[in-house]
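Here the structure comes first, spelled out in structure tokens, and everything after it is commentary.
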Amino acid sequence: MAAPDAPTAPSELFSVAGKTVVVTGGTRGIGRMIAGGFVAGGATVVVSSRKADACAETAAALSEHGTCTAVPADLSTEDGARGLADAVAADHDRVDVLVNNAGATWGAPLAEHDHASWSRVLDLNVEGIFHTTKFFLPLLQAAGTADDPARVINIGSIDGIHTPILETYSYSASKAAVHQLTRHLAKHLAPTITVNAVAPGPFESKMMAATLAAAGEQIARSAPLKRIGRPDDMAGVALFLASRAGAYLTGTVIPVDGGIATTA
């Protein structure tokens, strides 16, 4: 019987050093948590958001800890997604990890939801992910092999898993769509590209600010783990999916929510 392979050291198993990583919506909230984790891990990171000043500020701040540049882009349009991919391709011949995090929400009573509330959210949260992944495909294919695939990490939400308390109809529908799109892409892009989703619960972010201000303590008490998420919680799962440790996962949706949705 052949001897088992020697175990891989954790420093190698979970390493992202030398990878090229693109994080959309990477200038604040969950996106910045993820971008910061990759920078600290030795990756070359490109962050993107609509606002050029936010891009410049984030790139400057994260560059104090590693390598980070920024490209402003509006990913709610197909042209915006194409433009981001073209800009990254001008400086990089491959992308090892694409994190599709850019997103929007909308909350209003049912009678007040209109076409705008759906198009604003779905255009960015669902079409944005689809078109961005589509245009980054050549760069991902240049990086990925069957033994070490390139990675796409989509940011969904536990609101796409359970029924939200708030009347965020277009948002929860969009995140459920993100989870299904993740599975669909995973089937077709294997074996050289994996596609997984992370479904965050409550984290400190601009999107969650009003909710946490009004009910943050109640949300924390209701969670089995009795707190809201911290930056390391989000960075950790992204690093896992992007490293050798996560190379055999595809089509998964991983809730990172302290047990809120998974134990309900």
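The values are calculated or read from the model by the stated rules, or taken from the named source; none is laboratory data. None of the values given here were measured: they were computed from a predicted structure. With ideal geometry, Cβ positions are generated from the backbone for all residues, glycine too; neighbour counts draw on all protein chains shown.
Data table
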| quantity | calculated |
| --- | --- |
| In the stretch 251-264, residue nearest to residue 152 (Cα to Cα) [restricted to those that are in contact with a Pro (Cβ under 8 Å, 6 or more places away or on another chain) and of a type in the set (S, T, N, Q)] | 262 |
| Tally, over the stretch 228-253, of residues that are modelled with pLDDT of 90 or more, closer than 25 Å to residue 107 by Cβ and in contact with a helix residue (DSSP H, G or I) (Cβ under 8 Å, 6 or more places away or on another chain) | 3 |
| When residues of the stretch 95-150 are limited to those that are surrounded by fewer than 22 Cβ atoms within 10 Å (Cβ to Cβ) and among the acidic types (Asp, Glu), the one farthest from residue 28 (Cα to Cα) | 147 |
| Number of positions in the stretch 156-186 that are out of contact with any Gly (no Cβ under 7 Å at 6 or more places or on another chain) and touching a residue at least 12 places away in the same chain (Cβ under 8 Å) | 14 |
| Complete set of residues in the stretch 216-251 that are part of a helix (DSSP H, G or I), touching a residue at least 40 places away in the same chain (Cβ under 8 Å) and of a type outside the set (A, V, I, L, M, F, W, C) | 231, 232, 236, 244, 246 |
| Which listed residue, of 59, 54, is of a type outside the set (D, E, K, R), in contact with a Cys (Cβ under 8 Å, 6 or more places away or on another chain), farther than 26 Å from residue 248 by Cβ and surrounded by fewer than 24 Cβ atoms within 10 Å (Cβ to Cβ) | 59 |
| Single residue of 16, 22 found to be more than 13 Å from residue 70 (Cα to Cα) and either assigned to a helix (DSSP H, G or I) or among the aliphatic types (A, V, I, L, M) (or both) | 16 |
| Which listed residue, of 43, 81, is among the small types (Gly, Ala, Ser), under 20 Å from residue 246 (Cα atoms) and surrounded by 19 or more Cβ atoms within 10 Å (Cβ to Cβ) | 43 |
| 1 or more residues modelled with pLDDT of 95 or more, of a type outside the set (Val, Ile, Thr) and farther than 25 Å from residue 157 by Cβ: qualifying strands (runs of 3 or more DSSP E) within the stretch 31-103 | 67-70 |
| Conditions (1) under 22 Å from the mean Cα position of the chain (by Cα); (2) at pLDDT below 90; (3) not in a loop (DSSP other than H, G, I, E, B); number of the one not met by residue 262 | (3) |
| Unique residue being part of a loop (DSSP other than H, G, I, E, B) and touching a helix residue (DSSP H, G or I) at 6+ places or on another chain (Cβ under 7 Å) when the list is 146, 108 | 108 |
| Residue list for the stretch 65-83, restricted to those being closer than 16 Å to residue 138 by Cα and within 16 Å of the chain's Cα centre (by Cα) | 81 |
